[in-house]
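Peer 1: Sharing a structure, written as structure tokens. Questions coming.
The values are calculated or read from the model by the stated rules, or taken from the named source; none is laboratory data. Quantities reported herein were computed from a predicted structural model and do not represent experimental measurements. Note that we place each Cβ from the backbone using ideal geometry, even for glycine, and neighbour counts take in every protein chain shown. Side chains included, ligands, DNA and RNA excluded: accessible areas come from the protein's heavy atoms. Shrake-Rupley method; radii C 1.70, N 1.55, O 1.52, S 1.80 Å.
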Amino acid sequence: MAKSSSKRLSEFTAANHPVRRFRRLKEKAIELLLFLAAASSVLVTLAIVGILVTESLPFFAHVSLFEFLTEREWTPLFENAKYGIAPLICGTFLATLIALLVAIPLGTVTAAYLSEYVSPGLRELLKPILELLAAIPTVVYGYFALLFVTPLLQVIFPDMGGFNILSAGIVIGIMIVPYVSSLSEDAMRSVASHLREASFAMGASRFQTVFRVVIPSAFSGMTSAYILGISRALGETMVVAIAAGMQPNLTLNPTQPAATITAFIVQVSLGDLPHGSIGYQSIYVAGLTLLIITLSFNVIGMWIRKKFQERE
Amino acid sequence: MGAVTTPSIRADVKNLNFFYGPKQVLKNISMPIYENRMTALIGPSGCGKTTLLRCFNRMHDLYATTNYQGQIILHPNMQNILSSEIDPMEVRMRIGMVFQKPNPFPKSIFENVAYGLRVRGVKKKSFIEERVVKSLQQAGLWSEAKDRLHSHATDMSGGQQQRLCIARALATEPEILLLDEPTSALDPISTAHIEELITELKKDITILMVTHNLHQAARTADYTAYMYLGELIEFGLTDKIFTTPSDTRTENYITGRFG
């Protein structure tokens with residue numbers, strides 16, 4: 001009896017049995033479905049890059065790359081159009097730099113507080129409130145910068161106009177604090193507790209332990225937090241469009257109005273532009289430039305991360 | 001063993017009770033820690049030996065809902081280091097500790113040893129250098145480390161890392177050195193190396209060591225304390241504990257009848 005049942009079982013598990021064939025087919029179908037889901041985001045990214053590049057190429061038939069990179073003015077919609085990307089890049093970097101000067105210290109200290117000081121109960125209360133900052137629509141931040149932060153700054157800089165990159169940068173910084181702090185906190189909390197104990201056992205205070213052991217150990221994870229913050233700041237549109245004045249301006253003075261790449265794109269796309277005109281193409285060129293900048297930061301971030309990970 | 005005359009006392013545990021929340025983990029423990037001797041704490045898992053060790057540098061204060069009763073009197077200034085008026089940081093500055101798993105900081109070899117001096121606010125470069133060299137020599141790591149002081153500590157082998165942790169603890173000249181199963185994560189050769197080192201160190205420093213390894217206690221310790229279920233069952237000279245224990249529970253554990 002044992003023999004006959006084992007024979008039936010072996011028949012059932014034979015490779016060509018219909019049940020087995022159906023199961024193999026089902027597995028293949030599921031695998032294909034999962035592949036398509038995973039591929040969709042890659043395909044969308046590739047499509048965006050493709051469109052940006054193909055729409056930008058005709059632009060460079062009109063404007064040389066040399067002019068694009070060296071011209072000091074960006075006025076593609078004027079009678080006497082100039083196509084120098086420098087003012088937009090300058091505005092973008094300035095806004096991002098100011099934002100990071102706010103977000104990195106504030107985000108890091110917040111993360112250290114949440115990870116190392118606060119009791120678990122209070123942390124569970126504070127974290128959602130902090131993350132709520134990320135849920136506020138950026139247009140609200142834009143008007144917060146224009147109508148609240150700028151008047152405050154005018155107390156310190158009385159000559160400053162209503163539109164300026166400083167106020168926009170500060171508010172972007174506040175906006176990205178949760179991005180920086182949330183990932184930094186995860187990185188700090190994943191530092192092994194035996195390292196903390198080793199530091200305390202040496203007679204270190206909590207502050208010394210956090211700044212001499214926990215943060216250096218968490219640095220590779222914190223780099224990702226900073227890179228996310230940088231990408232977020234580089235791509236921020238509404239705040240600068242509303243509060244910084246949308247005037248391409250090659251200046252390092254943050255009290256001046258300026259435009260970022262994204263602010264220019266939103267400004268131009270609001271008007272009527274004939275398809276295929278050089279103004280229309282300039283949007284794509286600006287977009288491509290931003291993509292290249294963001295991508296470079298991500299690559300640098302990945303490289304730093306890897307370098308620090310090797311050391312751990 | 002040469003411990004015929006009783007050495008002077010370095011610390012005195014008096015009626016120590018310890019609680020994790022409502023759970024009592026140490027029950028009325030009293031024992032002396034002798035100066036420049038090595039005392040081993042042995043006993044089956046969960047007997048409270050590591051908990052007792054971590055009372056000596058107030059590590060339990062890092063976690064909520066822990067509670068001490070009783071005293072650990074540090075000689076010669078007769079201070080109760082468990083007193084709530086004493087800052088645990090002060091205690092940890094006086095009593096060093098080496099952990100079960102080697103846990104060097106992700107810094108250079110030099111900075112690992114210098115850490116205790118730096119957190120104490122020592123700035124003088126020559127003093128720090130001198131102390132780092134001396135501690136590495138004491139920990140038997142100097143010949144291996146002297147050409148790579150600025151390379152990363154985590155590039156070393158496990159045994160070297162543990163000796164680095166010992167050097168790190170020695171650099172601040174602790175009054176007592178606590179060792180929490182310092183060889184349990186190491187291979188037999190590294191273990192032998194560390195045991196040799198401990199035997200050398202105990203000439204000048206008071207050591208309290210938790211170990212799972214009975215042979216290790218027998219080989220290295222002058223005094224041994226056997227603990228079971230949070231109680232101190234027997235304390236005495238290692239020779240006596242291992243040859244003629246007075247409590248049958250100690251005997252059963254030593255002879256391998258349980259545990």
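Peer 1: Look through region B:148-195, keep the residues that are over 15 Å from the mean Cα position of the chain (by Cα) and of a type in the set (Val, Ile, Thr), and return whichever of them is farthest from the other protein chains (Cβ to nearest Cβ).
Peer 2: The extreme case among them is B:189.
Peer 1: So, one more: Name the residue, out of A:294, A:251, A:237, A:255, that is open to solvent by 20 Å² or more (accessible area, probe 1.4 Å), touching a Phe, Trp or Tyr at 6+ places or on another chain (Cβ under 6 Å) and within 30 Å of residue A:148 (Cα to Cα).
Peer 2: Answer to the check: A:255.
Peer 1: Going by what's in this entry, would residue A:287 be described as farther than 19 Å from residue A:101 by Cβ, at pLDDT 90 or above and not hydrophobic (A, V, I, L, M, F, W, C)?
Peer 2: In short, yes.
Peer 1: Please go through region B:151-169 and pick out each residue that is in a helix (DSSP H, G or I), of a type outside the set (S, T, N, Q) and open to solvent by 10 Å² or more (accessible area, probe 1.4 Å).
Peer 2: Hits for region B:151-169 are B:155, B:158, B:163.
Peer 1: Mind listing whichever residues of region A:259-281 are modelled with pLDDT of 90 or more, assigned to a helix (DSSP H, G or I) and among the hydroxyl-bearing types (Ser, Thr, Tyr)?
Peer 2: A:262
Peer 1: Regarding residue A:162, is this residue modelled with pLDDT under 90 and closer than 24 Å to residue A:251 by Cα?
Peer 2: Yes: the conditions hold for residue A:162.
Peer 1: Same structure, new question: Return the pair list, or none, for Cβ contacts closer than 9 Å from residues in region A:174-199 that are farther than 30 Å from residue B:101 by Cα to residues that are in a loop (DSSP other than H, G, I, E, B), at least 6 apart or on different chains.
Peer 2: Close Cβ pairs satisfying both conditions: A:175/A:136; A:175/A:236; A:176/A:236.
Peer 1: Is one or more of the residues making up region B:48-63 at positive phi and open to solvent by less than 70 Å² (accessible area, probe 1.4 Å)?
Peer 2: Yes: one or more hits.
Peer 1: Does residue A:119 fit the bill of being crowded, with 17+ Cβ neighbours inside 10 Å and not aliphatic (A, V, I, L, M)?
Peer 2: no
Peer 1: For region B:65-79, does any single residue satisfy the condition of being among the β-branched types (Val, Ile, Thr), surrounded by 21 or more Cβ atoms within 10 Å (Cβ to Cβ) and in contact with a Gly (Cβ under 9 Å, 6 or more places away or on another chain)?
Peer 2: no
Peer 1: Just to check your reading of the model, which residue among A:193, A:184 is polar (S, T, N, Q) and open to solvent by 20 Å² or more (accessible area, probe 1.4 Å)?
Peer 2: None of the others qualify; the one that does is A:193.
Peer 1: Right, another one. In region A:63-88, which residues are assigned to a loop (DSSP other than H, G, I, E, B) and free of Cβ contacts under 8 Å to residues at least 12 places away in the same chain?
Peer 2: Hits for region A:63-88 are A:64, A:78, A:79, A:80, A:82.
Peer 1: Kindly indicate the residue of region B:82-98 that is within 7 Å of chain A (Cβ to nearest Cβ) and surrounded by fewer than 21 Cβ atoms within 10 Å (Cβ to Cβ) and also nearest to residue B:148 (Cα to Cα) among those meeting that condition.
Peer 2: Across region B:82-98, the extreme among qualifying residues is B:93.
Peer 1: A follow-up question, please. Go through the residues of region A:225-243 one by one and say whether even a single one is within 14 Å of another protein chain (Cβ to nearest Cβ) and either over 25 Å from the mean Cα position of the chain (by Cα) or modelled with pLDDT of 90 or more (or both).
Peer 2: The answer is no; no qualifying residue exists.
Peer 1: A further question follows. Has region A:218-225 got any residue that is crowded, with 19+ Cβ neighbours inside 10 Å and in a strand (DSSP E or B)?
Peer 2: no
Peer 1: Separate question: Quick check on this structure: which one of A:143, A:179 is under 27 Å from the mean Cα position of the chain (by Cα), surrounded by fewer than 19 Cβ atoms within 10 Å (Cβ to Cβ) and in a helix (DSSP H, G or I)?
Peer 2: Only one candidate passes the filter, namely A:143.
Peer 1: Now for a separate question. Give the residue, chosen from A:73, A:124, A:67, A:55, that is charged (D, E, K, R) and under 30 Å from residue A:222 (Cβ atoms).
Peer 2: None of the others qualify; the one that does is A:124.
Peer 1: A further question follows. Of all the residues that make up region A:61-100, how many are among the hydrophobic types (A, V, I, L, M, F, W, C), surrounded by fewer than 18 Cβ atoms within 10 Å (Cβ to Cβ) and over 28 Å from the mean Cα position of the chain (by Cα)?
Peer 2: Adding up the residues that qualify gives 5.
Peer 1: Continuing with the same structure: Being open to solvent by less than 40 Å² (accessible area, probe 1.4 Å), more than 9 Å from chain A (Cβ to nearest Cβ), hydrophobic (A, V, I, L, M, F, W, C) and within 22 Å of the chain's Cα centre (by Cα) narrows it down to one residue among B:145, B:139; which is it?
Peer 2: B:139
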